[in-house]
Amino acid sequence: MKRQRGLGLIEVLIAVLVLAIGLLGVAALQANALKANQSALQRSQATMLAYLMLDAMRANRDAATAGGYNLGTPGSPDTPECNPPSENDLITRDQAYWLGKLKENLGNSACGLIACTATSCTVKVFWDDSRAGGSTTQIIEVTSQL
């Protein structure tokens, strides 16, 4: 009877193949996790930026409840504002700063919509999430009393 010494070359190749397939699966999982993490980061930033604008409106409550901060056209479908206003008063500086931060944090396609009534304000943030594997347009909407 012949005794076998060590592993055969075919057995080593099969083991390497199984290991390579496993590592490819781990790499794909890591790539998907990075995409989901980027999407979650953008949603968090959009929420914080919506609250940033609500805080600015709380600081200038009378102008906000009078509709001075309204930006874009609410309705179905909503038409957000993507370009900052050009005037140089407190309201337009707040709006320009906010729209600039949207573009800085969420990409150049980010836009915002503000609609205030006498009792509450709604802030919507729109951005493109296709890079993270989501739908092309994401929307965060925050409504608050001032």
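Computed from the coordinates by the stated procedures, all read-outs in this text should not be read as laboratory data. Since the model is a prediction, treat every value here as computed from it, not as a measurement. Here the Cβ positions follow ideal geometry from the backbone for every residue, glycine too, while neighbour counts run over all protein chains shown.
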Matching entry among 51, 69 (being in contact (Cβ under 8 Å) with a residue 24 or more places away in the chain, surrounded by 10 or more Cβ atoms within 10 Å (Cβ to Cβ) and in contact with an Asp or Glu (Cβ under 8 Å, 6 or more places away or on another chain)): 69
Among the candidates 46, 15, 27, residue that is more than 16 Å from residue 115 (Cα to Cα) and within 21 Å of the chain's Cα centre (by Cα): 46
For region 99-146, how many residues meet the condition of being among the hydrophobic types (A, V, I, L, M, F, W, C), in contact with a Ser or Thr (Cβ under 7 Å, 6 or more places away or on another chain) and assigned to a helix (DSSP H, G or I)? 1
